[in-house]
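The values are calculated or read from the model by the stated rules, or taken from the named source; none is laboratory data. Since the model is a prediction, treat every value here as computed from it, not as a measurement. Virtual Cβ from ideal backbone geometry, glycine too; neighbours counted across all protein chains shown. We work out accessible area using only protein heavy atoms, side chains counted, and drop any ligands, DNA or RNA first. Shrake-Rupley method; radii C 1.70, N 1.55, O 1.52, S 1.80 Å.
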Amino acid sequence: MIHAILFDLDDTLLDNGMEQFVPAYLAALSQYMADLFPADIADILGGKRDATFPAETFVRHLLRATEEMTINTDPHRTNMEVFDATFFPALGYTRAELEPRFEHFYAVHFPQLRRLTHPRPSARPVMDWVFAHGFQVAIATNPHFPRAAIEQRLEWAGVPASEFPYRLITSYENMHATKPHRAYYLEIARQLGQQPETCLVVGDDWAMDIRPAMASGMSAYWIAAPDQPSPAEEAPPTGQGSLADFAHWVKSNT
Ligand SMILES: [Mg+2]
């Protein structure tokens with residue numbers, strides 16, 4: 001019996017290919033932050049800051065801190081704490097110093113990335129249906145991003161947090177692991193007060209969504225072409241098809 005439905009976001013509820021989106025996001029963020037890293041000779045001589053090209057340095061530190069988050073499964077450290085411990089010392093700034101800049105970036109510049117995405121017509125009807133039928137609903141997007149960036153993508157998908165009372169939206173502030181760790185899925189179940197067996201994950205990425213969800217004991221609906229074979233020697237997903245197919249499937253299979 002399924003009580004909770006965990007939706008991946010990118011390429012599940014929203015057309016948003018990460019291979020396009022992530023480079024555009026990194027370019028926008030590093031350009032916006034570039035003026036923070038003038039070639040300040042005193043800092044360079046003092047060894048406080050890296051003297052290489054600022055945007056490159058910024059992205060390199062960002063990716064390294066993201067990698068640290070990806071490794072983290074320590075239940076006592078949020079992804080954000082892990083990120084901060086690597087990122088800010090490497091830049092030579094504190095979070096407090098840069099926080100207003102990040103907030104401004106997400107308020108003013110991040111919205112411009114919307115043009116890289118397209119809403120999926122089925123997203124909103126699916127969400128209406130699952131809420132109307134009493135399921136707990138979580139947004140299980142890889143919690144590398146701050147909540148502000150996830151709420152915007154939900155809005156772009158036509159299923160904003162202001163209109164749908166999601167029980168949980170996983171973000172780097174509230175999670176202690178990332179995909180594809182089983183710890184991430186088990187933490188969601190715990191936070192929802194569910195057993196894995198009563199959770200259904202809906203996602204497009206076999207390695208990030210489907211395999212770890214099923215290995216955790218959850219059911220999984222794979223957003224993929226109906227005839228796309230699952231990887232050899234792996235158990236097939238509980239269901240498979242487009243988001244529109246899922247809209248029909250969920251009505252007779254939960
Ligand atoms: Mg996805």
Could you check how many residues of the range 197-213 are under 20 Å from the mean Cα position of the chain (by Cα) and without any contact (Cβ under 8 Å) to a residue 24 or more places away in the chain?
0
Take the range 196-254 and flag every residue that is of a type in the set (Val, Ile, Thr), at pLDDT 95 or above and in a loop (DSSP other than H, G, I, E, B).
238
Considering only residues that are open to solvent by 30 Å² or more (accessible area, probe 1.4 Å), away from the ligand (no atom under 12 Å from the Cβ) and within 22 Å of residue 247 (Cβ to Cβ), which ones fall in the range 204-218?
214
Unique residue being at pLDDT 95 or above, assigned to a helix (DSSP H, G or I) and open to solvent by 70 Å² or more (accessible area, probe 1.4 Å) when the list is 121, 125, 111:
125
Of all residues in the range 41-59, which are open to solvent by 20 Å² or more (accessible area, probe 1.4 Å) and at pLDDT 85 or above?
59
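Results for (1) closer than 18 Å to residue 70 by Cα; (2) assigned by TED's automatic domain parsing to the domain that holds residue 223; (3) crowded, with 21+ Cβ neighbours inside 10 Å; (4) not aliphatic (A, V, I, L, M), shown as yes or no for each residue.
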position	(1), (2), (3), (4)
143	yes, yes, yes, yes
151	no, yes, no, yes
158	no, yes, no, yes
162	no, yes, no, yes
172	yes, yes, yes, yes
177	yes, yes, yes, no
184	yes, yes, yes, yes
191	no, yes, no, yes
202	no, yes, yes, no
Result of the Cβ filter at 9 Å on the range 91-111, keeping first residues that are within 17 Å of residue 57 (Cα to Cα) and assigned by TED's automatic domain parsing to the domain that holds residue 36 and partners that are β-branched (Val, Ile, Thr) and modelled with pLDDT under 95, at least 6 apart or interchain, is 91/57
Taking the range 77-108, which residues are open to solvent by 50 Å² or more (accessible area, probe 1.4 Å), at pLDDT below 95 and not in a helix (DSSP H, G or I)?
94
(1) over 17 Å from the mean Cα position of the chain (by Cα); (2) modelled with pLDDT of 85 or more; (3) open to solvent by less than 30 Å² (accessible area, probe 1.4 Å) all hold for residue 62 apart from (1)
How many residues of the range 212-249 are closer than 14 Å to residue 126 by Cα and touching a Leu at 6+ places or on another chain (Cβ under 8 Å)? The answer is 3
